[in-house]
Amino acid sequence: MNGQKGFEIKLTDERNLKPSNIPTKETIVLRTKLLPQDIIEILDKKKTSFFGSALRRPKSDEITVETPQLYLEQYVFILGHYEIDFDRNASYMIKVDPDVVEVAIGTKKFPVLNESGVWKKFGKKMKQGVGITKQDLELNVTENAVKSMTDSMYFDHNGLETTFDYSTDSDAVENFVQNVLDVNKSHTRKIKMTNNELFSKLFHKLKESLKHDLIINHEEYVVTKFQEIFVPIYETKCYDEKNKVVVARVDAVTGKII
C-alpha cells in the first residue's frame, strides 16, 4: 500500500539494553616510527610559528625545545548489532470505488461512510461532473515490524567519539604488546569511562534511527568487535625568551604536529 504517514513520537521504551554477548577485548599498540631526535628536527622547522604574531616571530635560536616524551593514548573501537521486533501505529490512505461503504481486513472493519456524510458529498460532486471516481479511505492500523542495524564507534582517550585514520595491519603494530605497555605504564592515557558506558553509547546510536512510537516485543544487542588501540604520541614543551610555554604534540606514526 502507498501513502504511509510518519509519526514523530518518542520511543515508549527507553531502557539501556546491555549487550547479550561481548567478545574478548583485543589490545593493539601501533609501532612508533620516529625517535626523539626526529621529533626535535620536526619541531625545529615549526617552533617559531608557536610564538609571536604574524608581524614578528622570534628567531629559531630564541626557542628552547625540551626532550620529547612518548605517550601511548588509547582509542576504543566497538562494532555492534541491534535487532528489534516491535509494534507501531501507522496510517495508510487507499483508494476505493465510490460505492464502497466498508472495507474488511481480517477481523477488522473500516467504514467509508461516517456521520458527517463524507461519501454523500463525494457522490454529489460526481453527479456534477467533477470527475471523482475514487474515494480516499484512511486505515489506522498496528504494524508488526523487525529491524536489524549494525554500526560502530571510535572513542579517543578523553571518551569522545572520533575518527581513526591509522592502519592496524601486521606491519604497523607492535608484536609484543604487553611489553610495550609495561615499559610505558606511567605514560599511558586511557579512557576513564567504563566498558558498559561505552557499550551504552553505541546502543543509543544504533537505536536512534527508530523515530516511531512503538511497543517492543523483543530486542537484542550484541557487541561483535571490541578493540583498544594505543597510538604513540610525542609531547614536549617549547619556551621562548619571555618564558612563554607551548606544549607541542607530534604523532609518532606520521610525524604530523597535532
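The values are calculated or read from the model by the stated rules, or taken from the named source; none is laboratory data. Note that the structure is predicted; figures quoted are calculated from it, not measured. Backbone-built Cβ (ideal geometry, glycine too); neighbour counts: all protein chains shown. Quick note on the areas: whole protein, heavy atoms, side chains included, nothing else; ligands and nucleic acids left out. Shrake-Rupley method; radii C 1.70, N 1.55, O 1.52, S 1.80 Å.
Among the protein heavy atoms, those of Leu79 account for about 50 Å² of accessible surface (1.4 Å probe, every chain in place).
With a 1.4 Å probe and all protein chains left in place, how much accessible area per residue does region 162-210 have, in Å²?
66 Å²
Of interest is the spacing of the C-alpha centroids, which for region 212-230 and region 164-208 amounts to 19 Å. Using a probe of 1.4 Å, the accessible surface attributed to His218 totals some 110 Å² when neighbouring protein chains are kept in position.
State the percentage of accessible surface on region 186-258 attributable to carbon and sulfur atoms; use a 1.4 Å probe and exclude ligands, DNA and RNA.
Exposed carbon and sulfur together represent 49 percent of the surface.
The residues of region 34-75 expose on average 63 square angstrom of accessible surface per residue, using a 1.4 Å probe on protein heavy atoms. Under the classification rounded if a/c is under 1.5, otherwise prolate if a/b is larger than b/c and oblate if not, where does region 199-258 fall, given a ≥ b ≥ c as square roots of the Cα gyration tensor eigenvalues? Prolate shape, in that a/c is at least 1.5 and a/b is the bigger ratio.
Can you pull out the GluC sites (Glu not before Pro) in region 15-76 whose DSSP state is coil and whose Cβ has at most 16 other Cβ atoms within 10 Å? Listed in order of number, the matching sites are Glu66.
By definition, a body whose alpha carbon gyration tensor gives a ≥ b ≥ c is prolate when a/c is 1.5 or more and a/b is larger than b/c, and region 8-99 fits this prolate description.
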